[in-house]
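Peer 1: Starting off with a structure, shown below.
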Amino acid sequence: MLEIKNLQVQLEEEDKQILKGVDLSLEAGKVHAIMGPNGSGKSTLSYVLSGKGGYEVTAGSAHLEGNDILSMEPEERAAAGLFLAFQYPVEIPGVGNMTFLRTAVNSQRKLRGEPEMSAGEFLKVVRAKAKDLKIDAEMLKRPVNVGFSGGEKKRNEILQMAMLEPKMCILDETDSGLDVDAMKLVAQGVNALRDGKRTFLVITHYQRLLDHIKPDVVHIMAAGRIIKSGGPELALQVENNGYSDLLEGSA
Amino acid sequence: MVLPSSEAATRSAMHDDGLISSPGAWAKEVRQSAAERAQNQGLPERRDEYWKYTRPDFFVQESVTLEAQVSPKIQIFNNQLKAEILFENAVLAAETLPKVANCSIESLDDAADLDLHWVSDIYGKLELAGQYPVRRSLAALNTAKASQGVLVHATGQVSDPIRIHAVCAGRTDAIIHHVVKVDAGASVTLIETGQYGARCNVVMEVEVADTGHFHHIRVQDDHEIHALTHIFARIGADSTFKSFTMTSGGKMTRNECILELIGDNSAVSVAGACLGDNDFHHDDTVFITHDAVNCESRQVFKKVLRNGAVGVFQGKILVKAGAQKTDGYQISQSLLLDEDSQFLAKPELEIYADDVACSHGSTCGAIDEQALFYLRSRGIPEAKAVDLLTLSFMAQAIEEIEDSKISAAILNHLTDTLEAR
Ligand SMILES: Nc1ncnc2c1ncn2[C@@H]1O[C@H](COP(=O)(O)OP(=O)(O)O)[C@@H](O)[C@H]1O
Ligand SMILES: [Mg+2]
């Protein structure tokens, strides 16, 4: 599904390298987790994959189903099936959540050359999906993320994911700032989207989210590199011993 | 209408017997003194401080240089409102004056014959009061010369909005003067759409009695227009006055709003959302005088500019001695979509009372890259994402509109206008 080879990234503004050669191969239908200390480059990886400005790719490649995504505009990547659940979802005052969702769904359809979703159909689908995530009609009407609690913002990210039905989902610290109940709700939302084909890259600092979203593969990232990959037991190792053992081992 | 020198202007106004004499004795006197006022004060010039950011040339020069576009691409409120008044080529189509419950609507042209005393108490009087401390000679000239306009007198609650729609062609030079009176306990909403002329000088005088409520909505979406508008309003106690203007067309527009709060516990709001592109200059000039206790005034102006468009804001809150518990809020913000556009702002506070809360802020910024990326990452193309952020930016101004049906219509109109460009 997603092939990342020797990805090297530095900041556009200053000569600072953040990703120093990342290799990742995500097979369709699998859940991969990336764990790592703060500042290791996890968010940068997710931003570069989804096309945020301010970064310069100095080497390497990233292909989604064989298509070179690094040469695409962010909206083209989204239409191609990539989705990023933001670590810090952005507030957009004055734009209703519903308007935003519908614009996003129909923009992607248009970019893919598919017919737009009718207002009626959209309403039906969004209501059903919102209900599963305990998002009420009020929250759908409110401006995008404005006045939402941390948990509401993250649930709203998962709702967008459910509506857009991407092939490749990247979740950046979706668990941060959530209490246990909210985290379970988010995990349920994610698990409901697992269908054997959809692929997930779950970025997290702590192991606890992975109790609810079971990964197939766990990667440890440090200082802009994947330093170790393994099964779910790797996450437990981090949980018990922290990152220090692993970091020493790699140095 | 307007002439290169104030002397010539006055001469023309005085000698134009058709205009001076037709609406009767009271009008003749008012018009003559307005013409003298304009002459004594002189017409605005480029060096005037009050015209520092906007050149008065187009408004004072003799000839009209632009052709009016016959009809705008996108229309708003068409066939939606029960009460509609039509102006064609700067002349009121008197047969269109609607019958509205709790409200009398007449033509300025007929004012003398109708013996409408309430009109003579307002016509030119509020304009005169608004000549100090800043002279507004073009408004005085309007009082002297205008023969066309509507006289709206709300005597009770007027349930549906009244719309004035104007269409024109060619180089029409429009001088329009409306007079509105809202009685105690009465309320009325007036909507102005369309274009009176290729060049317009529009004055609206509004008297809101104690416990009266007046709402004004204006859509300026035509092209090739030079418009100068003045609203002069005097607001009594326990009443409201709200004016909202959406501007998305025209080459040169200056909207002045001069409000005087003379009764306690009242609330006023003047707001605007402006979408500027290319050869576009838009000026909001507001002067609010608090001369009563416990009144709230709000000024909320948002401008989104690109391709060299220019936005201007001059807003003043004057709190007179004794106007305690005044709550004055003023915000003027612009979103510049490129480096060619500019925003010039002059916010002013002048306060002579001690127990007041006044705040003002003026900002000028570029698009929020983080928000733009967020929208694009959801598959929304850049241009559409910029449109959404434009609507987001304007939301605070549109929220000043009280009637949710009208604000929804304005929002749709803005969305359509953005999509069409
Ligand atoms: N736009 C930026 N400007 C400056 N430094 C940045 C920027 N983006 C990332 N960095 C730096 O790159 C490193 C990796 O950051 P990030 O990808 O956010 O790490 P993580 O998500 O793993 O905590 C950090 O040292 C961070 O300060
Ligand atoms: Mg991060």
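The values are calculated or read from the model by the stated rules, or taken from the named source; none is laboratory data. From a predicted model like this one, the values you see are computed outputs, not experimental measurements. Cβ coordinates were reconstructed from backbone atoms using ideal geometry, including for glycine residues, and neighbour counts include every protein chain displayed. Accessible surface areas use protein heavy atoms only, side chains included; no ligands, DNA or RNA. Shrake-Rupley method; radii C 1.70, N 1.55, O 1.52, S 1.80 Å.
Peer 1: Among A:77-86, B:156-165, A:63-72, how do they line up from the highest to the lowest mean number of other beta-carbon atoms within 10 Å?
Peer 2: Values: A:77-86: 24.1, B:156-165: 19.1, A:63-72: 14.9.
Per-residue Cβ counts within 10 Å, averaged per peptide and sorted highest first, yield A:77-86, B:156-165, A:63-72.
Peer 1: Ordered by residue, what ³J(HN,Hα) values in Hz, to whole numbers, does region B:386-396 give under the Karplus form 6.51 cos²θ - 1.76 cosθ + 1.60, where θ = phi - 60° and Gly and Pro are x?
Peer 2: For region B:386-396, the Karplus curve yields 5, 4, 5, 6, 5, 4, 4, 5, 7, 3, 4 Hz.
Peer 1: Moving to a separate point now. Taking 41 Å as R0, compute the FRET efficiency from the Cβ-Cβ separation of A:Glu116 and B:Glu67 and round it to 0.05. Please report the intermediate quantities before stating the final value.
Peer 2: Working: r = 39 Å, r/R0 = 0.95.
Using R0 = 41 Å, I get an efficiency of 0.60.
Peer 1: Here's a follow-up. What FRET efficiency do you get for B:Glu29 and B:Ala408 if R0 is 45 Å and r is their Cβ-Cβ distance, rounded to the nearest 0.05?
Peer 2: Numbers: r = 45 Å, r/R0 = 1.01.
Once the sixth-power term is evaluated, E becomes 0.50.
Peer 1: With a cut-off of at most 16 other beta carbons within 10 Å, and DSSP calling the residue loop, which GluC sites (Glu not before Pro) in region B:285-368 qualify? Please list them.
Peer 2: Numbers: sites: B:Glu296, B:Glu339, B:Glu348, B:Glu350; in loops: B:Glu339.
Passing both the DSSP loop test and the Cβ count: B:Glu339.
Peer 1: How many square angstrom of accessible surface are buried between B and A, both sides summed, with a 1.4 Å probe and rounding to 100? Intermediate values should be presented prior to the final figure.
Peer 2: Values: alone 16500 and 11790 Å², together 26350 Å².
Buried area (both sides, nearest 100 Å²): 1900 Å².
Peer 1: With only Lys, Arg, Asp and Glu charged, each at its Cβ (+1 for the first two, -1 for the last two), find how big the charge dipole of the protein assembly as shown is about the Cα centre; round to the nearest 20 debye. Don't skip to the answer; put the middle values down first.
Peer 2: Details: 67 positive and 94 negative charges, 290 e Å.
My answer is approximately 1400 debye.
Peer 1: I would also like to ask the following. For A:Lys52, go through the lysines and keep the ones whose alpha-carbon is under 21 Å away, minus same-chain ones fewer than eight residues off.
Peer 2: Within the straight-line cut-off, A:Lys52 pairs with A:Lys5, A:Lys16, A:Lys20, A:Lys42, A:Lys153, A:Lys154, A:Lys167, B:Lys384.
Peer 1: Please report the carbon-and-sulfur percent of the accessible area for region B:7-367; probe 1.4 Å, protein heavy atoms only, DNA, RNA and ligands left out.
Peer 2: On the way: 6130 of 13120 Å².
Using a 1.4 Å probe with all protein chains present, region B:7-367 comes out at 47 percent carbon and sulfur.
Peer 1: Where in region B:354-370 does accessible area fall by at least 20 Å² between the isolated chain and the complete protein assembly, at a 1.4 Å probe radius?
Peer 2: B:Gln370
Peer 1: What's the magnitude of the charge dipole for region B:43-187 around its Cα centre, counting Lys and Arg as +1 and Asp and Glu as -1 at the beta-carbon? Answer in Debye, nearest 20.
Peer 2: 580
Peer 1: Can I ask one more? What does the charge add up to near B:Leu418, with Lys and Arg as +1, Asp and Glu as -1, over the other residues with Cβ less than 10 Å from its Cβ?
Peer 2: Numbers: positive: B:Lys384, B:Arg421; negative: B:Asp387, B:Asp416, B:Glu419.
With Lys, Arg at +1 and Asp, Glu at -1, the net is -1.
Peer 1: Accessible area per residue of region A:110-251 at 1.4 Å probe, in Å²? Mind dumping the intermediate values first?
Peer 2: Values: 6780 Å² over 142 residues.
With the other protein chains kept in place, region A:110-251 gives 48 Å² per residue.
Peer 1: Same structure again: Just which residues of region A:51-82 lose 50 Å² or more accessible area with every protein chain there, against their chain alone, with the probe set to 1.4 Å?
Peer 2: With the partner chains in place, region A:51-82 has these residues losing at least 50 Å²: A:Lys52, A:Glu75.
Peer 1: Would you give the gap between the C-alpha center of region B:313-369 and the C-alpha center of region A:71-141, rounded to a whole Å?
Peer 2: The two parts, judged by their Cα centres, are 36 Å apart.
Peer 1: So what is the accessible area of chain B per residue, in Å², with the probe set to 1.4 Å?
Peer 2: Numbers: 15460 Å² over 421 residues.
In whole numbers, chain B has 37 Å² accessible per residue.
Peer 1: Further question on the same structure: Positive end of the dipole of chain B, charges at C-beta (+1 Lys, Arg; -1 Asp, Glu), about the Cα centre: which of B:Ile262, B:Met204, B:Thr245 has its Cα farthest in that direction?
Peer 2: So the residue furthest toward the plus end is B:Thr245.
Peer 1: Mind checking the mean number of beta-carbon atoms from other chains within 10 Å of the Cβ atoms in A:92-98? Before the final figure, lay out each step's value.
Peer 2: Values: counts 10, 8, 14, 7, 2, 0, 0.
Per-residue shielding by partner chains comes out at 6.
Peer 1: Separate question: For B:Ala321 and B:Lys346, FRET efficiency with R0 = 30 Å and r from the beta-carbon atoms, rounded to 0.05?
Peer 2: On the way: r = 24 Å, r/R0 = 0.79.
Taking R0 as 30 Å, the efficiency between B:Lys346 and B:Ala321 is 0.80.
Peer 1: Local charge sum around B:Thr65 (other residues, Cβ-Cβ under 15 Å, Lys/Arg +1, Asp/Glu -1)? The partial results should precede the final answer.
Peer 2: On the way: positive: B:Arg55, B:Arg171, B:Arg199, B:Lys251; negative: B:Asp57, B:Glu62, B:Glu67, B:Asp173, B:Glu224, B:Asp279.
With Lys, Arg at +1 and Asp, Glu at -1, the net is -2.
Peer 1: Same structure again: Can you tell me the length gained on complete extension of the stretch A:Asp68 to A:Lys214, counting 0.36 nm per residue apart and subtracting the Cα distance?
Peer 2: Details: separation 146, 0.36 × 146 = 52.56 nm, distance 2.87 nm.
Taking 0.36 nm per residue and subtracting the Cα distance, the gain is 49.7 nm.
Peer 1: Shifting gears a bit: Taking only Cα atoms and a 10 Å spring cutoff, compute GNM fluctuations for chain B and point out the largest among B:Cys274, B:Cys358, B:Cys295.
Peer 2: Largest GNM mean-square fluctuation: B:Cys358.
Peer 1: Dipole size in debye (nearest 20) for region B:7-367 around its Cα centre, Lys and Arg Cβ +1, Asp and Glu Cβ -1?
Peer 2: Values: 32 positive and 49 negative charges, 99 e Å.
I would put it at about 480 debye.
Peer 1: Can I ask one more? For region A:28-186, with all protein chains present and a 1.4 Å probe, just round the carbon and sulfur fraction of the accessible area to a whole percent.
Peer 2: 49
Peer 1: Among B:Leu414, B:Phe393, B:Leu375, flag the residue with its Cα farthest along the positive direction of the charge dipole of region B:375-421, charges on Cβ as +1 for Lys/Arg and -1 for Asp/Glu.
Peer 2: B:Leu375
Peer 1: Please give, to one decimal in nm, the separation of the simple spin-label points placed at A:Leu193 and A:Ala128, each 7 Å out from Cα toward the Cβ.
Peer 2: It is 1.7 nm.
Peer 1: Here's a follow-up. Can you list the residues, at least 5 places off or on another chain, whose amide H is less than 5 Å from the amide H of B:Val206, using H built in the peptide plane?
Peer 2: So B:Val206 has HN proximity to B:Val180, B:Phe232, B:Ala233, B:Arg234.
Peer 1: Compute the accessible area of each residue in region B:390-418 twice, once for its chain alone and once with every protein chain present, using a 1.4 Å probe on heavy atoms, and list those whose area falls by at least 50 Å².
Peer 2: Correct list: B:Ser392.
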